[in-house]
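The values are calculated or read from the model by the stated rules, or taken from the named source; none is laboratory data. Predicted, not measured: the structure shown is a model, and the values here were computed from it. Neighbour counts run over all protein chains shown; Cβ positions are idealised from the backbone, glycine included. For accessibility, only protein heavy atoms count, side chains too; no ligands or nucleic acids. Shrake-Rupley method; radii C 1.70, N 1.55, O 1.52, S 1.80 Å.
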Amino acid sequence: AASSSSSLPPLPQTDRTVRVLHGGGTGAGSAQPASSEAPGTMSRRQMLEPQKIGRDEVVTDEFLLSLDALPVCAQIITYGASTPRTFWANRLFLSLVGLTLEELLAQDLSTHTDVEKSEWEHRFHATQQLGEVLVERSSFSRATGPVQLENVVQPILFKPAGATAGVSACLITGWPVSSVDIQDASTKYMTSLLECSPYPLCFFTFDGHLITCNPAAVAVFGKTIWLQSDIFGMEERERRGIQDAGAEVPAEAFNDRFVERTERLGAYEEMMDALSEEGATYEVDLPIKRLIDTGEMVVWYCRVWAQRHKDPFTGSPIIMISHQDVTNLRKVEGELGRMQMLETTEKELMKHDQDVAGSLLVLLGEEWGVANNAPPGAVMGNIQDDSAAWAPGRMPMSQGGRAEAAPVVATTRPAGPDVEEDAAKSNQLHGLRECLDAADSWKFNVFDLESETDGLPLQVLAWHLFVKHDLIKEFNLDHVKLVSFLRHIESGHLENPYHNSTHVADVLQSFHWLVLQGGIRQYVGQFEVLAGIIAAIIHDFEHKGFNNDFLIKTQDEWALDSNDRSPNENHHLSSAFRILRHQDCNFLHRMPHAQQMQLRKLIIEMVLATDMAEHMAIVSRLKNDIQKRLENPDDGIPDEPGDALKSLVLQGAIKMADVGHLYAQHDVHLAWSERLEEELWLQGDVEKQLAMKISFLMDRDSPGVTKSQPGFFDFVVRPLFDTWCSCFPESSVLVDRIESNYQHWKSKESLPS
């Protein structure tokens, strides 16, 4: 599919080529992409284009198999002695001359004509002595008539098996002239098609490298046409995902061979699957770099349309690509998608309280409100300049950092029931904002948020924290799929008295407070904050209301799946990750694969740490790895804490957050204690029905959790909080809070039962 027409632009020279014979490529005398695939997939231009490979390049037996598979004639011969000597020839050459390799090697070349001698001497002088590359024609007779070959002759060092040194020789590659004429005719036809098209068109080899393109493509891409030598403009780390497919990478080279899982690499792999047979097509929108007239490199959205064809000369597959600028179209589609999402959200949630519908619409960028100085009878719409105010996953931010209402426009209409309804909505949203603002304080009351969101506190608070910590923008998260993920997770929580979505929202807020004001920011960065928020969101997913001991004793499926090791926590993790793997919920799909694996590791470690069986071990590690080192001036914490230390801080933080109600305001703490007592009694009821021994504190007919809180504080809570606050003095206010609640339970002990 190469072009010989002078009107087509020359192939751009890139640094993505290696010398074939030196680097283990598949072609002779041509520059081949380092990631080349099967030998038969080279284009004619790559085979024809002569390149000096140098007399020091060594051809060994391992390369002969590649040469044997080429769709051209190949022969290795030396002219160094008075009589030429043939070392090897490939199957196509042998077929053309009608000989076997043994018969060819046994030929007597001592008898020759003066013309042949002159030809041999010229080749020897030009190639083996001067190191030049010759392009010439030769002919020989066959039973069917004379055959003419167009040859490229280039110098090499041939090293047969068992030889200690290479022998000076020539590699001759050639193809019948008749096939060249056929290819030239095909090229002219393809060239005319390319030149007539007003759209940027390019032809690529099947391993993703540019063969040729039309003037429209050059006009669009200009000096950046070289970027298209990788179809989707992939960088080196992305292309490794193609090069290393099916290959084993040594462990010591893993970091250097890191494959960046990007949108472009994913699109390339999807395209290769789609183009499985000739004529198949594939279409995708991708961001591609482009140099504009001002000299600035910009990213534009390009609609790439691909169709599989067949190279008429080699028969190997090639890809035709059409490019169309759809940047403005993407903006329109994005706005339509957001509007559709808003409409869907409104329809789905209007069956709930107007408050929760309004709250989620606000988080999606819409707003009810009252404009300052609006005239009497004015009602507020949600009209706004979306291009200025809306960014995926973000709301306009005030100088204080909290999400603000979108700009509103006043319109005048007669006062009436609708006006009163709008005012009610405004009041409801005001209450929601007060709850979300309070999330920055330990005085947060999650039951208020539960009421304001009509029983959907988790997804509203989670979205608020993703926005507040700027995680959506920083990690390029898919905000639409994030909303879907949060809805699935919240809907997966059962209506247990204690382990429900409201408890999870409470734990999430407590973790947020520890990040914001609890002092752990000196050890963790944004990546760890992302891991911690996700871990808090999923840490009790699908909890049944039974503890691990009950699941193990009853041989529950969760216990069998986890081999009796933290059955609750292992199920929360595996089930939540299955949700995340779903196409509609995978908001991490743009994140590089290695980063996703590190994130998953941190989340697993954090959720497993919420098993009370790990309590003493984590407290001990906090004392040894942080507290003692802080107390010893000679053994301080490094400026850049390692991964193990970061993980320990996160595990301690989620444990603190998991019992966050202990330092909550008194009425909130009492409400959670009563809910926990009821849930434990429900387990005791089941144990009684199963004729099992009723677990401690789970018998309704005996004192429950609310009667044993002082002991729980003394032996479990205080050691954890004292150690934590020694490590993070910024959290010391929490000790005062648990002391206040502790004294309440202590005073209850002295009262007659």
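Quick check, is Ser451 of a type in the set (S, T, N, Q), free of Cβ contacts under 8 Å to residues at least 12 places away in the same chain and either in a helix (DSSP H, G or I) or within 21 Å of Ala653 (Cβ to Cβ) (or both)?
yes
Quick check on this structure: which one of Leu486, Leu456, Leu530 is surrounded by 18 or more Cβ atoms within 10 Å (Cβ to Cβ) and either under 21 Å from Lys601 (Cβ atoms) or polar (S, T, N, Q) (or both)?
Step by step, each of Leu486, Leu456, Leu530 is checked, and only Leu530 is surrounded by 18 or more Cβ atoms within 10 Å (Cβ to Cβ) and either under 21 Å from Lys601 (Cβ atoms) or polar (S, T, N, Q) (or both).
From the list Glu677, Glu605, pick out the single residue that is open to solvent by 10 Å² or more (accessible area, probe 1.4 Å), more than 20 Å from Phe713 (Cβ to Cβ), touching a residue at least 12 places away in the same chain (Cβ under 8 Å) and assigned to a helix (DSSP H, G or I).
Answer to the selection: Glu605.
Pick from the stretch 501-527 the residues that are of a type in the set (S, T, N, Q) and touching a Gly at 6+ places or on another chain (Cβ under 9 Å): which of them is surrounded by the fewest Cβ atoms within 10 Å (Cβ to Cβ)?
Thr502
Take the conditions surrounded by 13 or more Cβ atoms within 10 Å (Cβ to Cβ) and either within 41 Å of the chain's Cα centre (by Cα) or at pLDDT below 85 (or both) and apply them to Val705. Does it pass?
Here the answer is yes, as Val705 does meet what is asked.
Consider the stretch 67-84. How many of its residues are within 25 Å of Ser316 (Cα to Cα), surrounded by fewer than 21 Cβ atoms within 10 Å (Cβ to Cβ) and of a type outside the set (Asp, Glu)?
Result for the stretch 67-84: 2.
Criterion first (within 25 Å of Ser66 (Cβ to Cβ), under 50 Å from the mean Cα position of the chain (by Cα), at pLDDT 80 or above and open to solvent by 20 Å² or more (accessible area, probe 1.4 Å)) does Val152 satisfy it?
In short, no.
Say whether the condition of being of a type in the set (Val, Ile, Thr) and modelled with pLDDT under 90 is met by at least one residue in the stretch 443-450.
No: the stretch 443-450 contains no residue that is of a type in the set (Val, Ile, Thr) and modelled with pLDDT under 90.
For the condition of a type in the set (A, V, I, L, M), assigned to a helix (DSSP H, G or I) and surrounded by fewer than 18 Cβ atoms within 10 Å (Cβ to Cβ), what is the one hit in Ala653, Ala671?
Ala671
Just wondering, is there one or more residues in the stretch 743-753 that are open to solvent by less than 50 Å² (accessible area, probe 1.4 Å) and over 17 Å from Phe546 (Cα atoms)?
Yes; the residues of the stretch 743-753 include at least one that is open to solvent by less than 50 Å² (accessible area, probe 1.4 Å) and over 17 Å from Phe546 (Cα atoms).
Please verify whether Glu730 is in a helix (DSSP H, G or I), in contact (Cβ under 8 Å) with a residue 60 or more places away in the chain and not hydroxyl-bearing (Ser, Thr, Tyr), treating the condition exactly as stated.
yes
Please work out which residue is nearest to the chain's Cα centre (by Cα), limiting yourself to the stretch 502-559 and to residues that are among the small types (Gly, Ala, Ser) and farther than 14 Å from Leu465 by Cα.
Only one residue fits best here, namely Gly525.
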